[in-house]
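Just below is one structure, and these are the notes that go with it.
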Amino acid sequence: MALTGVQIFKLLPKTNCKKCGFPTCLAFAMALAQGKADLSKCPDVSEESKKMLGEASAPPIRTFDLGTGDKAVKLGGETVLFRHDKKFFNPCALAVNIKDNLSDDELVKKATEVSQSEMERVGQKLRIDAISVEYASGSSAQYEKAVRLVAEKAPAAAIILNCKDAAAAEAAVKAVAVRKPLLYCATNENAEAMAGIAKTHGVPLCASAQGLEALSSLTEKLQALGVNDIVLDSGAKSVKEIVENNTQIRRAALKKGFKPLGFPIINFVFRDDSIQEASAASVAIAKYASIVVLSGIEKWKNLALFTVRQNLYTDPQVPMQVEQKIYGISEPDANSPLMITTNFSLTYFIVSGEIENSKVPSLLAVMDSEGLSVLTAWAAGKFTAAKIAQFIKDSGIEGRISHRELIIPGQVAILSGALEDKLEGWKITVGPREANAIPTFLRGRAS
Amino acid sequence: MSFVVPKESYNGKVLSVDFGKGDKAVVIGGENTLPFLSFEGEIPNRPVVAYEIQDCPPEDWPERVRNEYKDVSGDPVTWAKHCQDNLKAGAIALRLVSTHPDRENRSAEDAAKTIRNVLAAIDIPLIILGSNHIEKDASVLVAAAEAASGYNCIIGKAQEGNYKTIVAAALAHNHKLIAMSELDINLAKQLNILITQMGFDKEKLITDPMCSALGYGLEYTYSVMERIRLAGLFQNDATMQPPILGDVGMYVWKIKEVTAAEADVPEWGSLEERGVAWEAITATSMIVAGTNLLIMRHPKSIGIVEKTIAELT
Ligand code: B12
Ligand code: SF4
């Protein structure tokens with residue numbers, strides 16, 4: 001069971017030397033108890049204490065990487081059941097399942113789809129993170145060949161070896177060992193063999209069983225066999241099972257400190273209809289999955305799933321925001337139009353994207369409004385005529401441009417009069433209400 | 001260590017609200033657990049999806065969803081019957097868009113007439129929505145409530161700026177009522193208190209904490225809904241126990257992701273699926289957060305969501 005802050009404090013050096021970054025040993029102990037600090041930050045703790053604290057200082061949900069390199073995905077490490085309580089930390093990995101009995105051409109095509117799946121949204125680069133290669137051929141040689149080919153054509157993707165046959169799995173693990181594939185999966189029948197492979201090659205292992213009782217005893221067995229990086233598959237297939245099982249797993253780990261289920265979760269959401277699959281995937285993303293495996297990755301589906309994952313994993317306390325400054329788009333000069341907006345990331349990226357689309361070189365003044373959208377910022381008194389006027393004056397833009405015209409968002413047309421009063425000598429023009437009308441608007445002015 | 005199912009015990013439950021008449025009447029809410037956790041509570045009713053229609057042709061809807069109704073949307077009665085008879089809708093939400101002063105500014109009497117005609121043509125439950133113009137809705141919804149007297153409709157939306165007359169009308173004509181506030185749990189609570197202080201029964205209320213589309217503030221709606229549910233269930237806060245509405249269609253079917261042609265954004269893939277998936281995922285996220293009643297537009301996304309709901313219950 002987890003130790004309290006005071007119990008942990010008794011095991012620390014009690015010198016208050018601050019090397020851990022906390023003002024006192026007690027503060028550090030409290031943070032440890034809440035899973036918000038890492039014991040290794042105290043250089044002076046004794047070996048004996050370390051052992052005793054080992055379990056208590058481990059996070060309630062184990063954290064490790066899926067894949068290698070800078071595109072590796074951190075799994076686990078979550079601390080809350082509801083995002084508003086703090087935040088969800090490690091966005092789940094999205095994976096696509098590919099069968100090994102496809103033709104080489106098809107394998108290459110699918111792997112290439114994954115390696116080209118990256119999209120940018122609100123300043124983040126998002127992608128399909130992993131490929132699950134399914135052992136469907138029944139031939140170990142074919143499996144190894146398919147795994148090699150897929151790994152080669154999708155060099156950044158993490159690999160999931162979807163293969164219950166220990167011999168075939170071992171050959172494949174060896175073939176792509178440098179990529180640290182996730183081995184899927186150990187069951188009650190093959191646990192020893194799979195644990196042996198995972199241990200020998202230092203790769204994570206998925207435990208798969210029907211129901212959480214069977215799953216708990218399986219992970220205990222795997223740990224006894226020396227495997228620590230474990231992913232959980234409770235056998236959930238319907239969205240109902242996904243919601244119920246995942247909730248029970250997360251609760252058991254966080255609220256009961258139940259170690260056998262303190263691991264990241266994998267869900268398979270295959271459906272015949274791809275939109276139905278997207279709907280099921282969105283349930284798994286919201287409800288605690290760390291890896292969601294899909295059967296198909298159309299572009300429209302990726303965009304939608306990347307977006308729902310990004311939405312739910314943003315920090316609820318701090319909206320995503322960009323730096324306050326005047327951005328130049330498409331190499332503007334002294335005569336280029338000047339527009340203003342707020343520093344909410346979503347607003348900035350939509351507006352700057354549309355200005356780029358217009359191909360009209362422009363200046364976009366982005367004003368700090370604490371990450372709020374245009375109307376929200378206006379309603380909250382952070383995007384007012386007085387503040388905008390002050391920002392424009394302080395920005396030094398008057399020295400950079402030869403005109404005195406400021407284009408404001410159509411949604412705050414109401415500000416134009418007051419702004420003309422406050423920004424002497426300036427002409428205020430009301431732009432369109434929606435950003436997608438900006439290209440037509442700018443091109444219309446330019447001609 | 002042996003696994004013990006980690007159950008929560010809740011003190012409160014979501015109120016159940018019925019609307020419509022006869023054997024087509026629908027009940028929402030009534031659960032005493034968080035969404036779909038039937039291992040620890042009762043979930044007597046599943047979330048319901050209402051088809052959105054409006055009292056004038058949907059020229060402001062993007063082509064992909066407008067086309068679905070092109071043969072029927074010229075007239076709200078035909079449109080409503082189409083949803084009921086051909087699409088097997090369980091409920092309809094009629095938005096009185098044309099009453100908005102910036103649209104056709106049609107009168108409250110006109111709206112009342114439309115309501116009477118639609119109600120005469122269908123036997124499934126009806127949700128009656130104003131044009132979301134605070135002042136105009138106050139008169140339009142009063143007339144609409146009267147026209148629908150006896151039909152046990154849901155009327156909405158009552159907001160801070162106009163709730164008094166709308167509440168009085170719903171009370172007089174025995175309708176259920178949507179109370180909408182702006183993405184803030186305290187505002188939602190406050191409005192429900194004001195409304196019940198007028199003598200309106202809390203068991204006839206539906207909370208709309210305001211929806212937002214996937215990619216456009218979904219996370220705010222999601223968390224406000226979760227917090228409302230937790231307050232109602234754990235703290236037994238009666239003002240937080242009405243069923244929740246997700247007015248999904250109108251927020252989804254205006255954003256770039258459901259309108260931009262594939263030729264303009266090839267990296268986003270097929271527009272047809274993109275639009276349907278966008279509405280379906282927005283709605284799915286809402287029901288996972290606690291929504292009991294959805295208002296949606298595209299028949300395909302509604303089909304997807306109904307299947308997901310069937311799988312969840
Ligand atoms: C999410 C949201 C919130 C979030 C904040 C999100 C954020 N980071 O800003 C939260 C929950 C915190 C919030 C709070 C509030 N909100 Co709010 N919120 C919304 C919501 C649902 C979406 C806003 C959004 O993200 N839009 C997307 C962004 C991209 O839009 P945008 O910035 O306007 O940009 C678009 C255009 O303006 C244009 N554009 C932008 N810049 C430029 C520049 C130029 C030159 C041009 C031409 C165009 C252009 O392009 C963009 C895309 O088309 C809207 C309602 C809605 N569905 O729209 C209400 C809304 C904006 N909120 C509103 C209100 C009243 C509030 C509160 C005051 C509520 C309250 N009483 O507490 C608070 C204030 C916040 C505070 N700190 O005090 C009202 C504003 C009403 C009004 N007309 O004044 C709205 C409209 C809801 C409503 N219908 O009543 N809100
Ligand atoms: S580094 Fe160790 S000894 Fe020093 S204050 Fe932190 S906990 Fe105490």
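Evaluate the following for residue A:243: is it touching a Pro at 6+ places or on another chain (Cβ under 8 Å) and facing another protein chain (nearest Cβ under 9 Å)?
When the stated conditions are applied, residue A:243 passes them.
Checking residue B:178 against (1) modelled with pLDDT of 95 or more; (2) within 16 Å of the chain's Cα centre (by Cα); (3) within 12 Å of ligand 1 (Cβ to nearest atom); (4) among the aliphatic types (A, V, I, L, M): exactly one of these is not met. Which one?
(3)
Could you tell me whether segment A:397-413 includes any residue that is of a type outside the set (Lys, Arg), within 15 Å of ligand 1 (Cβ to nearest atom), within 14 Å of chain B (Cβ to nearest Cβ) and in contact with a Phe, Trp or Tyr (Cβ under 6 Å, 6 or more places away or on another chain)?
no
Condition first: under 13 Å from residue B:148 (Cα atoms) and either within 16 Å of ligand 2 (Cβ to nearest atom) or open to solvent by 20 Å² or more (accessible area, probe 1.4 Å) (or both). Now tell me which residues in segment B:168-190 satisfy that.
B:171, B:172, B:173, B:174
Among the helices (runs of 4 or more DSSP H) lying completely within segment A:331-427, list those that include at least 1 residues that are farther than 26 Å from residue A:440 by Cα and open to solvent by 10 Å² or more (accessible area, probe 1.4 Å). Show your work before the answer.
Details: elements: A:345-358, A:374-379, A:385-395, A:416-422.
Output list reads A:374-379, A:385-395, A:416-422.
Which numbered condition in (1) at the interface with chain A (Cβ under 8 Å from one of its Cβ atoms); (2) open to solvent by 10 Å² or more (accessible area, probe 1.4 Å) is the only one that residue B:239 fails?
All conditions are met except number (1).
Can you find even one residue in segment B:96-105 that is out of contact with any Ser or Thr (no Cβ under 7 Å at 6 or more places or on another chain), within 14 Å of another protein chain (Cβ to nearest Cβ) and at pLDDT below 95?
yes
Which numbered condition trips up residue B:260, out of (1) facing chain A (nearest Cβ under 8 Å); (2) under 17 Å from residue B:186 (Cα atoms)?
(2)
Can you name the condition, by its number, that residue A:311 falls short on among (1) over 25 Å from residue A:395 (Cβ atoms); (2) at pLDDT 95 or above; (3) open to solvent by 40 Å² or more (accessible area, probe 1.4 Å)?
All conditions are met except number (3).
Inside segment B:46-100, can you point out the residues that are part of a strand (DSSP E or B) and of a type in the set (Val, Ile, Thr)?
The answer is B:48, B:49, B:53, B:92.
For segment B:263-290, enumerate the residues that are touching a Ser or Thr at 6+ places or on another chain (Cβ under 9 Å) and facing chain A (nearest Cβ under 7 Å).
B:273, B:276, B:277, B:278, B:280, B:281, B:284, B:285, B:288
Give me the pairs, please: first residue somewhere in segment A:291-309 and more than 11 Å from chain B (Cβ to nearest Cβ), second residue anywhere and modelled with pLDDT under 95 and in a helix (DSSP H, G or I), beta-carbon distance under 8 Å, and either six or more positions apart or on two chains.
Cβ pairs passing all conditions: none.
Would you mind telling me which numbered condition in (1) assigned by TED's automatic domain parsing to the domain that holds residue A:136; (2) buried (at least 16 other Cβ atoms within 10 Å of the Cβ); (3) farther than 30 Å from residue B:35 by Cα residue A:118 fails?
(2)
Residue B:155 is checked against (1) in contact with a His (Cβ under 7 Å, 6 or more places away or on another chain); (2) within 22 Å of residue B:297 (Cβ to Cβ); (3) touching a residue at least 60 places away in the same chain (Cβ under 8 Å) and fails just one. What number does that condition carry?
Among (1) in contact with a His (Cβ under 7 Å, 6 or more places away or on another chain); (2) within 22 Å of residue B:297 (Cβ to Cβ); (3) touching a residue at least 60 places away in the same chain (Cβ under 8 Å), residue B:155 violates only (3).
Under 30 Å from residue A:132 (Cβ atoms), within 16 Å of ligand 1 (Cβ to nearest atom), among the basic types (Lys, Arg) and in contact with a Leu (Cβ under 9 Å, 6 or more places away or on another chain) - does that describe any residue in segment A:79-89?
yes
Could you check segment A:252-278 and list, in sequence order, the residues that are in a loop (DSSP other than H, G, I, E, B), open to solvent by less than 40 Å² (accessible area, probe 1.4 Å) and more than 9 Å from every other protein chain (Cβ to nearest Cβ)? Working first, answer last.
So the first thing to find is which residues in segment A:252-278 are in a loop (DSSP other than H, G, I, E, B), and the list is A:256-258, A:262-264, A:269-273.
Narrowing further to those that are open to solvent by less than 40 Å² (accessible area, probe 1.4 Å): A:257-258, A:262-264, A:269.
Residues satisfying the conditions are A:257, A:262, A:263, A:264, A:269.
Which condition breaks for residue B:217 when tested against (1) buried (at least 24 other Cβ atoms within 10 Å of the Cβ); (2) on the phi > 0 side of the Ramachandran plot?
Only one criterion is unmet by residue B:217, namely (1).
Under the condition of being in a loop (DSSP other than H, G, I, E, B) and within 8 Å of ligand 2 (Cβ to nearest atom), which residue from segment A:24-43 is nearest to the chain's Cα centre (by Cα)? Don't jump to the end; show me each part of the working.
Initial filter on segment A:24-43 (in a loop (DSSP other than H, G, I, E, B)): A:24, A:34-38, A:42-43.
Filter again for within 8 Å of ligand 2 (Cβ to nearest atom), leaving A:24, A:42-43.
Details: A:24: 33, A:42: 29, A:43: 31 Å.
The extreme case among them is A:42.
Does residue A:153 fit the bill of being within 31 Å of the chain's Cα centre (by Cα) and on the phi < 0 side of the Ramachandran plot? Steps first, please.
Working: within 31 Å of the chain's Cα centre (by Cα): yes; on the phi < 0 side of the Ramachandran plot: yes.
Judged against the criteria, residue A:153 is a match.
Name the single residue, out of those in segment B:192-211 being open to solvent by less than 10 Å² (accessible area, probe 1.4 Å) and either without any contact (Cβ under 8 Å) to a residue 40 or more places away in the chain or farther than 29 Å from residue A:286 by Cα (or both), that is nearest to ligand 1 (Cβ to nearest atom). Even if it seems obvious, please write down each step before you answer.
Applying the first criterion (open to solvent by less than 10 Å² (accessible area, probe 1.4 Å)) to segment B:192-211 yields B:192, B:195, B:200, B:205-209, B:211.
With the extra rule that they be either without any contact (Cβ under 8 Å) to a residue 40 or more places away in the chain or farther than 29 Å from residue A:286 by Cα (or both), the set shrinks to B:195, B:200, B:207, B:209.
Working: B:195: 18, B:200: 22, B:207: 16, B:209: 10 Å.
Once the filter is applied, the top-ranked residue is B:209.
In segment A:2-20, what count of residues is obtained for those that are without any contact (Cβ under 8 Å) to a residue 40 or more places away in the chain, within 10 Å of ligand 2 (Cβ to nearest atom) and touching a helix residue (DSSP H, G or I) at 6+ places or on another chain (Cβ under 6 Å)?
Total meeting the criteria: 5.
The values are calculated or read from the model by the stated rules, or taken from the named source; none is laboratory data. Since the model is a prediction, treat every value here as computed from it, not as a measurement. Counting neighbours? That spans all protein chains shown, and the Cβs are built from the backbone with ideal geometry, glycine included. Only protein heavy atoms, including side chains, enter the accessible area calculation; ligands, DNA and RNA are left aside. Shrake-Rupley method; radii C 1.70, N 1.55, O 1.52, S 1.80 Å.
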